[in-house]
Structure formats: C-alpha cells, structure tokens
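Participant: Structure below; questions to follow.
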Amino acid sequence: MHIGIIYALLAAVLFGASTPFAKTLVGQMPPATLAGVLYLGSGIGLLICYAVRALVKRNDQDQPVALTRHDVPWFAGAIAAGGVVGPLLLMAGLTSVSASAASLLLNMEGVLTSMLAWFVFKENFDRRIFIGMLLIVAAGVLLSWDQAPATGLPWGALAIIGACLCWGIDNNLTRKVSASDPLQIAGTKGLVAGTVNLMIGLALGAAMPATPTLLLAGVVGFCGYGLSLVLFVLALRHLGTARTGAYFSAAPFAGAALSLLMLGEVPGPLFWVAAALMGGGIWLHLTESHAHEHEHLPMSHAHAHSHDEHHQHEHDFDWDGVEPHAHAHHHAPLKHGHPHYPDIHHRHQH
C-alpha cells in the first residue's frame, strides 16, 4: 500500500476516535474551553516531540524543512479556519447531536476538502472519485435529516457541517505548506488555536474543570488533533488534497464504531443506510488508479526526500549518504509515465 494512504488512514483513525471522547467531555466544559484544551494538549505534546527530535538528530540534513515567511499567509488562514472556527462549531454541534451520527457527519470534511481542491485550487479528479463523493454527500444529507428536530432546522448537524467546511479550507491551505516540517505545522497550530479558543472560553465566563478532566482532554487532543494532523500533513505531501480528504473519510467509521461501544447508542435505520453509502464512497476512493504520461517542469523547492527517479541531483555540501534527507534542490525537466497521485511533484494539467 502506498505510504501516503497509510498516513491518511492512520490520521483518520486517530481523529475519528477522538469524537466520542470529546462527546463525553462536552457536558463538563463549554465548547470554546473544550476546543482550547484539546488543541493545547495537541500543541504541548507535539512541542515535547519536537524538542526530543532536535536532540537525537545528527545534522542539518536530518532536520525537516522549517516553515518560511512565504508560508505564513497560507498557514495563518489554515489556523484561523481549522484551528479556531472549526472546533468551536464542532463542540457546539456535539451538544445536540449523538456521537455516532456526529462521527459520520464528519465525513463531509473529506467531501468539502475535495470540492475546494477541485474547483478552487484546480486539483485533478476523475469520475470514480466524483461518484464516491456523491455517495458520501447523500449519506450526509440522510444523517442531517435523521437529526432534524420536529420543528425548525437541525442546527447541531449544520454546525458540524460548518466545522467540516472550515477544515476543508484548512486542509487546502495546509497543502500549500505540506513540504515543510509536519511537527512544526501541527504543533504551532495546536498552541495558537488552543490559546485563542481557551481565551474565548474564559472571556465568556467559563471555569476550568478539574485536573483529571483537563488531562484527559489534553491526551485526546494530542492523539486526535496533534498526531493525526502530523500524519495528515504527510499524506497531503504524498497524495494531494482531494485524495487525502477521500482516504480521511474513513475517520467517521472509527468514531461511529467507538461511539456505539463506549456510549451504548442505538442508531436508527437511516444511520445504517448512511453508513452503507459512505462505505461505498470510500471503497471507490480506495480502489482508484491514475496513470498516464506526464511532464515535469523545472522546479526548485526543499523537503525531505530520497534519491528516486524524481530526485536525481548533485549536492553542494558534504552528505553522509543517509536517506531521507532535507535540503533545497532543483528538478530538471522530465517526461515519463507511471501511476501517481497529485503530490508535491505531480500537480500538472490534464
């Protein structure tokens, strides 16, 4: 299996599993406070990982490429959309939507991520991926209908879909910086988003919960928001935004299964119909294959890499031969054909 798919699926499992845990914490602190603690747990945990990695790395070539000032606008937009507004909407939605239904509704993140990637950022897609997304959209509509109150609009479901839109924007903006250090990206996002959300919660008069609850929320945030985002950034680097969003659609199934086991929820028939539709959509994504002759234009950038058919270059520094290694390098023009994804080297027109 392609390494990018593994990264995306692991990210999906970690994030999906965090939803039922977050549901159990919703009643113990307001949405803004909970979002802040989750992201701070993510940021602090990854900051520790970052420090440990710096101690064990041997030289500069072993260190991933850091963010640059050119990345700041994209990264700031990603933090605002996905780190501040998105979590607030999710926690608000969880106050009135069951954890299992919320878990499946989160599949809309993959759909909205892909729609933005295709129609705004002009990433390639084919009929198979599009049909899969239609199935997931149909499932999301069913879940929203199932959560509708007797009168009025299903505000909880709509809030969760709004959170998915924010994360779709976040994912597309994060793809712009995905060649950089994923630990730095995810850790910085966690610290900034966590601080902002926590300040909002405290400004609204929320009190901090007991220490055991804080620690539990921090661990959930580290796994479901921190490690998951690190893996997601790595998947973006290898698969592109739309495909990563498609594979990440497995997240809600992990969350829904855990919700049924942990919380004893009994879903209605529409839940199972929606689950079947989403399963069919994800299967279409997982079985996609894309291969054709394509041309690589000259390009210079920096990221961690090994010397494969796309990386044939000389070094102007002493290299110890260890791979992967990171440095600025140039790609000469190249024309060939092979199965590929729209990764950082295959963002060409069709």
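The values are calculated or read from the model by the stated rules, or taken from the named source; none is laboratory data. Keep in mind that what you see is a predicted model, and the values were worked out from it rather than measured. Backbone-built Cβ (ideal geometry, glycine too); neighbour counts: all protein chains shown.
Participant: Among the residues of the range 123-173, count how many are β-branched (Val, Ile, Thr), modelled with pLDDT of 80 or more and buried (at least 16 other Cβ atoms within 10 Å of the Cβ).
Facilitator: Filtering the range 123-173 down to residues β-branched (Val, Ile, Thr) leaves 129, 131, 136-137, 141, 151, 160-161, 169.
Now narrow it down to the ones that are modelled with pLDDT of 80 or more: 131, 160-161, 169.
Retained after the next criterion (residues that are buried (at least 16 other Cβ atoms within 10 Å of the Cβ)): 160-161, 169.
Qualifying residue count, the range 123-173: 3.
Participant: Can I ask one more? Are there any pairs, at least 6 apart or on different chains, whose C-beta atoms fall under 7 Å, with the first in the range 161-172 and more than 11 Å from residue 90 (Cβ to Cβ) and assigned by TED's automatic domain parsing to the domain that holds residue 78 and the second surrounded by 24 or more Cβ atoms within 10 Å (Cβ to Cβ) and β-branched (Val, Ile, Thr), and if so, which?
Facilitator: Close Cβ pairs satisfying both conditions: 168/113; 171/113; 171/241; 172/113; 172/241.
Participant: In addition: Does residue 300 satisfy the criteria of being surrounded by fewer than 11 Cβ atoms within 10 Å (Cβ to Cβ), in contact with a His (Cβ under 6 Å, 6 or more places away or on another chain) and not in a helix (DSSP H, G or I)?
Facilitator: Details: surrounded by fewer than 11 Cβ atoms within 10 Å (Cβ to Cβ): yes; in contact with a His (Cβ under 6 Å, 6 or more places away or on another chain): yes; not in a helix (DSSP H, G or I): yes.
Taking the combined requirement at face value, the residue satisfies it.
Participant: Say whether the condition of being within 12 Å of residue 193 (Cα to Cα) and at pLDDT below 90 is met by at least one residue in the range 87-101. Give the steps one after another, and end with the answer.
Facilitator: Looking only at the range 87-101, we keep the residues that are within 12 Å of residue 193 (Cα to Cα), and these are 87-88.
Okay, now just the ones that are also at pLDDT below 90, so 87-88.
The answer is yes, given that some residue of the range 87-101 is within 12 Å of residue 193 (Cα to Cα) and at pLDDT below 90.
Participant: Do the conditions hold for residue 188, that is, is it at pLDDT 90 or above, surrounded by fewer than 23 Cβ atoms within 10 Å (Cβ to Cβ) and part of a helix (DSSP H, G or I)? Steps first, please.
Facilitator: Values: at pLDDT 90 or above: yes; surrounded by fewer than 23 Cβ atoms within 10 Å (Cβ to Cβ): yes; part of a helix (DSSP H, G or I): yes.
So residue 188 passes the test.
Participant: Which residues, counting only those in the range 100-122, are part of a loop (DSSP other than H, G, I, E, B), in contact (Cβ under 8 Å) with a residue 24 or more places away in the chain and surrounded by fewer than 20 Cβ atoms within 10 Å (Cβ to Cβ)? Outline the logic, then answer.
Facilitator: Let us first name the residues in the range 100-122 that are part of a loop (DSSP other than H, G, I, E, B), namely 106-107, 120-122.
Now drop any that are not in contact (Cβ under 8 Å) with a residue 24 or more places away in the chain, which leaves 106-107, 120-121.
Answer for the range 100-122, where residues must be part of a loop (DSSP other than H, G, I, E, B), in contact (Cβ under 8 Å) with a residue 24 or more places away in the chain and surrounded by fewer than 20 Cβ atoms within 10 Å (Cβ to Cβ): 120, 121.
Participant: Confirm whether residue 227 is in the same structural domain as residue 22 (by TED's automatic domain parsing) and more than 22 Å from the chain's Cα centre (by Cα).
Facilitator: Details: in the same structural domain as residue 22 (by TED's automatic domain parsing): yes; more than 22 Å from the chain's Cα centre (by Cα): no.
No, not satisfied.
Participant: Within 18 Å of the chain's Cα centre (by Cα), in the same structural domain as residue 70 (by TED's automatic domain parsing) and part of a helix (DSSP H, G or I) - does that describe any residue in the range 256-263? Before the answer, list the steps.
Facilitator: To start, the set of residues in the range 256-263 that are within 18 Å of the chain's Cα centre (by Cα) comprises 256.
The next check asks that each one be in the same structural domain as residue 70 (by TED's automatic domain parsing); those that pass are 256.
If we keep only those that are part of a helix (DSSP H, G or I) too, we end up with 256.
Yes: one or more hits.
Participant: Still on this structure: Tell me yes or no: at least one residue of the range 278-289 is in a loop (DSSP other than H, G, I, E, B), over 22 Å from residue 107 (Cβ atoms) and not hydrophobic (A, V, I, L, M, F, W, C). Write out each step before concluding.
Facilitator: Within the range 278-289, the subset in a loop (DSSP other than H, G, I, E, B) is 287-289.
From the residues that got through so far, the ones that are over 22 Å from residue 107 (Cβ atoms) too are 289.
Applying the additional criterion that residues be not hydrophobic (A, V, I, L, M, F, W, C) yields 289.
Yes, the range 278-289 contains at least one residue that is in a loop (DSSP other than H, G, I, E, B), over 22 Å from residue 107 (Cβ atoms) and not hydrophobic (A, V, I, L, M, F, W, C).
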